[in-house]
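This report refers to the structure that appears directly beneath it.
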Amino acid sequence: MTQGAGIKLKGKFITFEGIDGAGKSTHIGFVAEFLAARGKTVVSSREPGGTPLGEKLRELLLHEKMHLETEALLMFASRREHIAQVIEPGLARGDWVLSDRFTDASFAYQSGGRGLERAKMEALEAWVHPHLQPDLTLLFDVPLEVARERLDATRTLDKFEREQAAFFEKCRGEYLRRAAQFPGRFVVIDSTQTIPAIQAQLSKVLEKLL
Ligand SMILES: Nc1ncnc2c1ncn2[C@@H]1O[C@H](COP(=O)(O)OP(=O)(O)O)[C@@H](O)[C@H]1O
Ligand SMILES: Cc1cn([C@H]2C[C@H](O)[C@@H](COP(=O)(O)OP(=O)(O)O)O2)c(=O)[nH]c1=O
């Protein structure tokens, strides 16, 4: 169960992960509606971002070149604020907090993709949220050619989305490694399925958590 430092957090924390174009954003709305229809109060948020300061950090992170360690630290700075202002207060009230990305994304992108030592990431995680982990992490998994086709069809690419295929292979590999390491909280969704098929799978997963 999700625990704060000494306080019981009554709500549930669900994170959405996957390489860019895997379909996370598409499914967050569905999950929010599914839970609201069952009487839950839902807070939907995202990282980097989710707070006024976090959104300013997001702008920098997505558009400015910076040292890899600066990037990792700013991701966690945004996260620290997000936990303090949105995630823990929401969970303490008994809300269901949905976050489009959380710490698994830092492992996938800054460690897997860019090569920052995993031990540094683990140190940041232990510092910033020693007592908080998602109750459920939905990993939307697709081969990167599929993700790329979906992105190219829809939007102008940011700093991360302009990376080369090898970068996303490494991110995807790190996500799958994390899923194997923490099978209790991860559910891997094959995102090459149709949107309705994915929604049917999500409904079953969520029913178990209610
Ligand atoms: N299962 C799917 N099948 C076909 N297209 C999809 C599927 N999931 C998402 N898409 C489309 O792919 C694009 C990227 O999806 P999005 O949810 O924005 O990805 P992410 O948030 O993971 O970057 C969108 O245009 C979306 O409509
Ligand atoms: C939370 C997080 C995101 N990111 C990256 C992944 C994404 O490319 C980018 C923004 O994430 P996201 O909001 O998923 O972008 P979009 O809505 O455009 O799909 O930030 C990291 O590199 N590390 C992190 O810790």
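Since every read-out is calculated from the coordinates, none of them should be taken as a lab result. Just so we're clear, the structure is a prediction, and the values are computed from it rather than from any experiment. Methodologically, a virtual Cβ is constructed for each residue, glycine included, from the backbone with ideal geometry; neighbour enumeration extends over all protein chains shown.
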| Do you know which of the residues in the stretch 123-144 that are under 15 Å from the mean Cα position of the chain (by Cα) and assigned to a loop (DSSP other than H, G, I, E, B) is surrounded by the most Cβ atoms within 10 Å (Cβ to Cβ)? | Pro134
| Is there any pair with a first residue in the stretch 186-207 that is of a type in the set (A, V, I, L, M) and a second that is in a helix (DSSP H, G or I) and loosely packed, with under 14 Cβ neighbours inside 10 Å whose Cβ atoms are under 6 Å apart and which are 6 or more apart or on different chains, and what are they? | none
| field | Selection status of Val86, within 16 Å of ligand 1 (Cβ to nearest atom) and crowded, with 17+ Cβ neighbours inside 10 Å | value | no
| said: I'm trying to understand the selection: among the residues of the stretch 70-122, which are charged (D, E, K, R), within 15 Å of the chain's Cα centre (by Cα) and near ligand 2 (Cβ under 9 Å from one of its atoms)? | reply: Arg79, Asp100, Arg101, Asp104
| message | When the residues of the stretch 145-179 are narrowed to those that are more than 13 Å from ligand 2 (Cβ to nearest atom) and among the hydrophobic types (A, V, I, L, M, F, W, C), which ends up surrounded by the most Cβ atoms within 10 Å (Cβ to Cβ)? | response | Ala179
| query | Which is among the basic types (Lys, Arg), away from ligand 1 (no atom under 16 Å from the Cβ) and buried (at least 23 other Cβ atoms within 10 Å of the Cβ), of Arg79, Arg118? | reply | Arg79
| Out of (1) more than 14 Å from ligand 2 (Cβ to nearest atom); (2) surrounded by 15 or more Cβ atoms within 10 Å (Cβ to Cβ); (3) of a type outside the set (A, V, I, L, M, F, W, C), what's the single condition that is false for Lys24? | (1)
